[in-house]
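The values are calculated or read from the model by the stated rules, or taken from the named source; none is laboratory data. Small disclaimer: the values here were computed from a predicted structure and weren't measured. Cβ atoms come from the backbone with ideal geometry, glycine included; neighbour counts cover every protein chain shown. Quick note on the areas: whole protein, heavy atoms, side chains included, nothing else; ligands and nucleic acids left out. Shrake-Rupley method; radii C 1.70, N 1.55, O 1.52, S 1.80 Å.
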Number of protein chains: 2
Amino acid sequence: MTAHFELGQPDWAMEALAQLPEYLPDIQARMAVVIRFSRLNIEFGTGGPFAAGVFETLSGRLVTIGVNRVVHHQCSSAHAEVMALSLAQQTLASFDLGAQGMAEHQLVVNWRPCAMCYGALVWSGVRSLVVAGSGAELEQLTGFDEGPIHPDWIGQLEHRGIAVTDGVGTDAAIAVFKQFRDSGALVYNGRQGDSIV
Amino acid sequence: MTAHFELGQPDWAMEALAQLPEYLPDIQARMAVVIRFSRLNIEFGTGGPFAAGVFETLSGRLVTIGVNRVVHHQCSSAHAEVMALSLAQQTLASFDLGAQGMAEHQLVVNWRPCAMCYGALVWSGVRSLVVAGSGAELEQLTGFDEGPIHPDWIGQLEHRGIAVTDGVGTDAAIAVFKQFRDSGALVYNGRQGDSIV
């Protein structure tokens, strides 16, 4: 039986990260970089059209940007948010990005997180979430399924002290989903082998 | 920046897995083994009181049993279910445990999955979920938070063709949570540094 598994970034992502400024003070700029990574991930053929960045909320210090790696790693949990949060936790050597003595952290994603990543962000310790959009466009354009997310997802996050900002860079995010749709690439929802009921 | 992260089983788990029969036809027996792993994980000090097993539903063939590794790996996503599902996917070389041509798989967990693992099991391709319980006992006894899970969590799973069986081995699962509570061990909910609102 398998004792370990390793998840990681594609080489282009590490090279692109090394070229980025240390700080991105503006949330528009943070989202623009995240959306660029979502586009590069499909252009390099390294995963689905999703990226997520972890930043220090106030300073905009870039901790990391992760991309979707489900197919490459044969791991259905390797969504962009799980990658970014896990890599950030490794970088900062803490399973809690909201630990005492640590700057507040923010998760920036190119659409509303799916049901799994929604829970993952709660446990990660981030104090805020910025998304490009939260409507049906993602599912309609790409065929990806967001799953059974809590109907009051924003209220539940805010109740836990996690602030939500929606609608940052919506058009640019949608343009990548359209590019993905037009590419005919694999949509790897779980139980692909069966009809999704 | 960190390019990779690795998550894995403690040594005792690999040794214990090697001692188990190849098939556990009865779901009571599957749950008993999972609960034993949840107990061993706290007794060996290798994680929280949680374990999850992946089995072939009909035959009971054991694919793997994963345990909670959040603190060891400094990774808030390293819950037992994510560990088990990811290790099973590595073992079977598929991100979809419900792929065409594959036997149906079942996830057996020593309590209702948290909000994140709930989503993770949907994407994993398992066709059924067996839990020891789903009530407030876990949160009340251990202090762990299950997060904002969908209010109709069972209905949402069944709508997606994932059958749910609750109440298998409840007393034995609760006994481990009491053992954990009495041990005074760390409860590592995200944002431990701050009061959970």
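Quick look at the numbers
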{"quantity": "Cα-based equivalent ellipsoid, the protein assembly as shown: semi-axes from gyration tensor eigenvalues, Å", "calculated": "32, 23, 19"}
{"quantity": "Accessible area buried, both sides summed, chains A and B with 1.4 Å probe, Å²", "calculated": "5900 Å²"}
{"quantity": "Occluded residues from region B:98-123, i.e. those whose accessible area drops by 50 Å² or more once the chain is not alone (1.4 Å probe)", "calculated": "B:116, B:123"}
{"quantity": "Rotational relation A to B, axis-closest Cβ in chain A, residue and distance rounded to whole Å", "calculated": "A:6, 2"}
{"quantity": "Given charges at Cβ of Lys, Arg, Asp, Glu: the protein assembly as shown dipole, positive-most of A:45, B:51, B:12", "calculated": "B:12"}
{"quantity": "Cβ charges +1 (Lys, Arg) and -1 (Asp, Glu), total dipole of chain A, debye", "calculated": "80 debye"}
{"quantity": "Other-copy label distances relative to residue B:99, 7 angstrom Cα-Cβ extension, nm", "calculated": "3.7"}
{"quantity": "Check: the protein assembly as shown dipole with +1 on Lys, Arg Cβ and -1 on Asp, Glu Cβ, in debye", "calculated": "160 debye"}
{"quantity": "Among B:104, B:56, B:158, residue whose mean-square fluctuation peaks in a GNM of chain B (springs only between Cα atoms under 10 Å)", "calculated": "B:158"}
{"quantity": "Alpha carbon centroid spacing (whole Å) that separates region B:76-113 from region A:63-133", "calculated": "20 Å"}
{"quantity": "Convex hull per residue volume in Å³, alpha carbons only, for chain A", "calculated": "128 Å³"}
{"quantity": "Highest-fluctuation residue, A:91, A:165, A:142 considered, GNM on chain A with Cα pairs under 10 Å", "calculated": "A:91"}
{"quantity": "Copies compared at residue A:140 - label distances in nm, ascending, label defined 7 Å from Cα in the Cβ direction", "calculated": "4.6"}
{"quantity": "Neighbourhood net charge (10 Å Cβ-Cβ; Lys/Arg +1, Asp/Glu -1) for residue A:117", "calculated": "-1"}
{"quantity": "Dimensionless Rg/Rh of region A:66-136 - Kirkwood Rh, Rg from C-alpha atoms", "calculated": "0.97"}
{"quantity": "Environment charge at residue B:142 (Cβ cut-off 11 Å; Lys +1, Arg +1, Asp -1, Glu -1)", "calculated": "-3"}
{"quantity": "Per residue value of the accessible surface for region B:67-166 (all protein chains in place, 1.4 Å probe), Å²", "calculated": "27 Å²"}
